[in-house]
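Read through the structure below, which is laid out as structure tokens, and then see the notes.
The values are calculated or read from the model by the stated rules, or taken from the named source; none is laboratory data. From a predicted model like this one, the values you see are computed outputs, not experimental measurements. Every residue, glycine as well, gets a Cβ built from its backbone with ideal geometry; the counts of neighbours run over all protein chains shown. For the accessible areas, the whole protein counts, side chains as well, though only heavy atoms, and no ligand, DNA or RNA atoms are used. Shrake-Rupley method; radii C 1.70, N 1.55, O 1.52, S 1.80 Å.
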Amino acid sequence: MEKFIEQLKNLATRIDSLKGSIATEEATKTAIVMPFFQTLGYDVFNPLEFSPEFTADVGIKKGEKVDYAILNDGAPVILIECKGVTENLTKHDSQLFRYFGTTSAKFGILTNGIEYKLFTDLEEPNKMDTTPFFTFNILELRDIHIHEIAKFRKETFDLENISSTASDLKYLNALKDYLSTQFDTPNDEFVKFLVHQIYDGVKTKNALEKFTPIISKGLKQIVNEKVNDKLNAALKSTGDSKVRVTLPDPPEEELVTPPEKSEDDGIITTPEELETYSIVKVVLKDAISPDRLYYRDNRSYFNIIIDNNIRRWIIRVFFEKSRNYIMLNDASTDKERTIIEFNQPIDLINHSDKIIPLVATYIHS
């Protein structure tokens with residue numbers, strides 16, 4: 001599994017570097033889509049296993065072809081419809097829908113090489129659902145994505161197992177998408193529902209407007225508290241049970257009126273960035289007083305600084321589509337500075353030997 005994860009991440013890095021130079025659908029198939037299924041363990045050059053231009057007759061139309069079909073004992077199990085890397089997939093769903101209903105395939109995949117939409121027939125047997133049960137962007141992979149993608153590897157593919165979990169996955173993802181949207185901008189219906197649970201007064205328009213920022217802040221605090229619990233549990237497991245970390249609450253301005261536009265508009269400090277900040281404070285707890293560590297966010301990266309002075313930055317944190325990493329301010333140019341990649345912020349504890357010496361210069365200056 002570790003080898004597969006490494007191969008998948010390497011492929012994502014390669015795709016990220018290639019996507020700007022791919023102009024056609026055929027180039028997308030050759031440079032991106034086929035390598036992806038090759039990573040899953042399929043022999044993409046064996047037409048008995050990975051059949052290109054698979055015939056899928058549609059109604060009175062004969063000779064309709066789907067881009068690829070993954071076969072098992074000569075029968076299609078997965079149909080794959082490809083589009084160019086720059087194309088939006090939404091408008092193409094109906095084409096795969098037609099193909100799906102004319103074969104014995106249980107799964108349909110619509111992709112432009114970067115985004116993948118996986119369909120099955122949860123709502124009506126042998127008829128492809130109008131919404132996918134699983135969607136992922138290969139340039140923005142999370143652990144949960146990798147776990148689900150791994151189920152489609154040739155060596156572990158189990159049609160019944162995937163089919164039985166597809167329903168849960170579909171509605172779980174729909175719920176997460178909905179809650180994620182409400183987390184950022186709760187709509188009137190969501191606010192009204194929550195207000196009904198906590199407020200006995202008349203739910204007038206003014207009352208709902210009053211509660212909207214309160215609910216928004218409450219949701220953000222829940223996330224912060226969960227991250228705090230996770231961090232402190234991790235610290236206990238590493239023997240640092242005396243240390244507790246607390247992420248800052250959302251700013252109080254959210255409960256009043258929206259702040260005026262400033263040069264920082266559009267900059268969103270994420271829970272992952274705040275978690276990294278807290279981990280660094282823990283790593284440096286014996287080297288510098290935590291009160292001297294601050295953070296400053298901008299559009300490109302997240303700064304961790306000393307004495308609230310941006311000229312005394314020690315670490316820059318990057319959460320990019322294909323990788324997460326920190327840059328240490330241990331040299332005069334970016335090319336010479338140390339780069340440390342990580343999967344989760346807690347992993348930085350394993351690099352204390354590189355981070356701790358960094359602050360010595362600033363402490364004594």
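Observations
- Residue count, the stretch 168-194 (criterion: among the polar types (S, T, N, Q) and under 13 Å from Glu148 (Cα atoms)): 1
- Residue list for the stretch 307-332, restricted to those being without any contact (Cβ under 8 Å) to a residue 12 or more places away in the chain and closer than 18 Å to Thr269 by Cβ: Glu320
- The stretch 324-337: number of residues that are more than 25 Å from Asp229 (Cα to Cα) and surrounded by fewer than 16 Cβ atoms within 10 Å (Cβ to Cβ): 8
- Annotation note: Cβ proximity below 8 Å between a residue of the stretch 32-43 that is in contact (Cβ under 8 Å) with a residue 24 or more places away in the chain and buried (at least 19 other Cβ atoms within 10 Å of the Cβ) and a residue that is part of a loop (DSSP other than H, G, I, E, B) and among the acidic types (Asp, Glu) (sequence gap 6+ or interchain) occurs for Tyr42/Glu49.
- Residue that is assigned to a loop (DSSP other than H, G, I, E, B) and either of a type in the set (Gly, Ala, Ser) or at pLDDT 75 or above (or both), where the choices are Val77, Val85: Val85
- Within the stretch 143-181, if we keep just the residues that are hydrophobic (A, V, I, L, M, F, W, C) and not in a helix (DSSP H, G or I), the residue that is nearest to Lys117 (Cα to Cα) turns out to be Phe152.
- Residues that are small (Gly, Ala, Ser) and touching a residue at least 24 places away in the same chain (Cβ under 8 Å), drawn from the stretch 273-301: Ser278, Ala287
- So Asp307, is it within 12 Å of Leu358 (Cβ to Cβ) and open to solvent by 30 Å² or more (accessible area, probe 1.4 Å): no
- Any chance Lys29 is open to solvent by 20 Å² or more (accessible area, probe 1.4 Å), under 23 Å from Leu96 (Cβ atoms) and in a helix (DSSP H, G or I): no
- Inside the stretch 107-141, residues that are of a type in the set (Lys, Arg) and open to solvent by 60 Å² or more (accessible area, probe 1.4 Å) make up a count of 1.
- For first residues located in the stretch 193-211 and under 19 Å from Leu179 (Cα atoms), partners that are open to solvent by 100 Å² or more (accessible area, probe 1.4 Å) and part of a helix (DSSP H, G or I) and lie 6+ apart or on another chain with Cβ distances below 7 Å form the pairs Leu208/Asp188; Leu208/Lys192.
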